[in-house]
Amino acid sequence: MIGMLCFPVLLTMCRTSSSSTSNFSEIPFPEDNQYSKEKAALGRQLFFDKRLSTNNTVSCASCHIPEYAFTDRLPQSEGVMGRRTERNSPTLLNAAFLKTVMFDAHLPTLEMQVIVPIQEHVEMDMKMGDLIKKLQKIPEYQEAAKKIFNRDFDPYVLTRSIATFERTLISQDSKFDRYKKGDKKALNKDELAGYHLFSEVLACTKCHHEPFFTNYEARNNGLYADYGKDNGRFRINNDSTDIGKFKVPTLRNIELTYPYMHDGSLGSLSDVIDHYAKGGEDHSNKDPLVKPFVITDIQKRQLISFLKALTDTTYMKDFR
C-alpha cells in the first residue's frame, strides 16, 4: 500500500463543525479516500464488529472505547484469548490530523494502520485472506461494498471504510479551545497559570505543539535506563539511536486517557509531572529537552488544571 497525498476537504458530517477552531475546520482526507457519509457509516459498523477477530470477541472498539476518548484505560491492551499487547492504546480522537501512526511513528496513513491490529497475534489475530472470506459472507457488508465502492468486499473496502470513520472522530471544543477563540473567561485562574507554566516556563510546547499538542515525532523521554524487550522505534530500522524512542502523544483529552506512557506505566498526571521534574532516567538517547526542574505543589495543581482544560467530550453525543 502506497502513501497518499492528503488535502483539506470540509467534513460536512462533523457535528462539532460549528464550534471548530481554524485549525480544525477542515479535515484532511486522502486523495484516494474521499469522505462520504455511507463510507463512514460502513467504517463505524466494522469498527464495532467483533467478527473482525479470530474468535469473535475483540473489535477495534474493544481497545478504543468512546467513553475513554477511544482508549481502554489498561496499561497494555487485551486481545483475543486474553493476550496482552506491549503497549498502551492511544486515543483515536483527531487521528485525522496525525502525520504518522503508531508509537513507532513509522506508518504514514490510517489506512495502513487498520491492517496492523487485525493481523497482530496478540490483538485480533486474523489472517487478512481469512477475514475477507469471512466478511464477504455477511450480506450487508458485501452489499455495502458493491454500493459504495463498486467492488466485492476486500482489504481496500475494509481499510478505506474504517479509516474514513476514524477521521470523523473530532474533539475540538475544550475550555482551552474556547479560550483561544476569544472567550477569555473560559479558563479560570489556575488553568491560566498552568497554561503559562506549560508554554512559557517549562516549554512543554517544544514537543507538545498547539493545537494538537504533539510534534508527531518519536522521542526518548527517559522513561527507562533500560527499555527491555520494547525498544521503541529501534525495531523499525534496527538503528541504535532509535532505542527508547516513541511517538510524542497528543495531550488532548489526557484527563481521560490514563494510564500514561507507551506502556501505561504511569497512573496519574501527577506521576507524569514527577517523571519529567526529576529529569527522567539516564539513557544515551534521552532527548536533551528532558531536564530536571523544580515545581511546587501549587504549580503542579495549576499545571494539571490546565491539562484537564484540554478535555472535550462533545464527540460522545454520537456514541450514547
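The values are calculated or read from the model by the stated rules, or taken from the named source; none is laboratory data. Keep in mind the model is a prediction, meaning the values are calculated, not measured. Don't worry about glycine lacking a Cβ; one is built from the backbone with ideal geometry, like all the others, and counts go over all protein chains shown. Heads up: the accessible areas ignore ligands, DNA and RNA and are worked out on the full protein's heavy atoms, side chains in. Shrake-Rupley method; radii C 1.70, N 1.55, O 1.52, S 1.80 Å.
With respect to L251, determine if the residue is outside any helix (DSSP H, G or I), without any contact (Cβ under 8 Å) to a residue 60 or more places away in the chain and aliphatic (A, V, I, L, M). Yes, satisfied. Report every pair of residues separated by at least 6 positions or lying on different chains whose Cβ atoms are under 7 Å apart, first residue within segment 307-318 and open to solvent by 20 Å² or more (accessible area, probe 1.4 Å), second of a type in the set (G, A, S). Correct list of pairs: T311/S174. State whether one or more residues within segment 284-294 are outside any loop (DSSP other than H, G, I, E, B), open to solvent by 30 Å² or more (accessible area, probe 1.4 Å) and either of a type in the set (A, V, I, L, M) or touching a residue at least 60 places away in the same chain (Cβ under 8 Å) (or both). Checked segment 284-294: no residue is outside any loop (DSSP other than H, G, I, E, B), open to solvent by 30 Å² or more (accessible area, probe 1.4 Å) and either of a type in the set (A, V, I, L, M) or touching a residue at least 60 places away in the same chain (Cβ under 8 Å) (or both).
When segment 47-61 is filtered for residues that are more than 15 Å from L158 (Cβ to Cβ) and either touching a residue at least 40 places away in the same chain (Cβ under 8 Å) or not in a helix (DSSP H, G or I) (or both), the ones remaining, listed by number, are T54, N55, N56, T57, V58. The single residue among L46, L11 that is among the aliphatic types (A, V, I, L, M) and modelled with pLDDT of 95 or more turns out to be L46.
Residue-wise test of (1) closer than 18 Å to D125 by Cβ; (2) touching a Cys at 6+ places or on another chain (Cβ under 8 Å); (3) buried (at least 18 other Cβ atoms within 10 Å of the Cβ).
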{"site": "P30", "(1), (2), (3)": "no, yes, yes"}
{"site": "Q34", "(1), (2), (3)": "no, no, no"}
{"site": "A40", "(1), (2), (3)": "no, no, yes"}
{"site": "L52", "(1), (2), (3)": "yes, yes, yes"}
{"site": "H64", "(1), (2), (3)": "yes, no, yes"}
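When A203, A193, A218 are screened for being more than 20 Å from L256 (Cα to Cα), within 26 Å of the chain's Cα centre (by Cα), surrounded by fewer than 21 Cβ atoms within 10 Å (Cβ to Cβ) and among the small types (G, A, S), only A203 passes.
Considering each residue of segment 155-173 in turn, none proves to be farther than 28 Å from N88 by Cα and either without any contact (Cβ under 8 Å) to a residue 40 or more places away in the chain or open to solvent by 10 Å² or more (accessible area, probe 1.4 Å) (or both).
Residues are listed down the side, and each one gets a yes or a no for (1) within 12 Å of E166 (Cβ to Cβ); (2) at pLDDT below 95; (3) touching a helix residue (DSSP H, G or I) at 6+ places or on another chain (Cβ under 7 Å); (4) among the acidic types (D, E):
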{"site": "R15", "(1), (2), (3), (4)": "no, yes, yes, no"}
{"site": "S20", "(1), (2), (3), (4)": "no, yes, no, no"}
{"site": "E26", "(1), (2), (3), (4)": "no, yes, no, yes"}
{"site": "N33", "(1), (2), (3), (4)": "yes, no, yes, no"}
{"site": "A41", "(1), (2), (3), (4)": "no, no, no, no"}
{"site": "N55", "(1), (2), (3), (4)": "no, no, yes, no"}
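Taken over segment 261-275, the criterion of being open to solvent by less than 20 Å² (accessible area, probe 1.4 Å) and outside any loop (DSSP other than H, G, I, E, B) is satisfied by L269, I273, H275.
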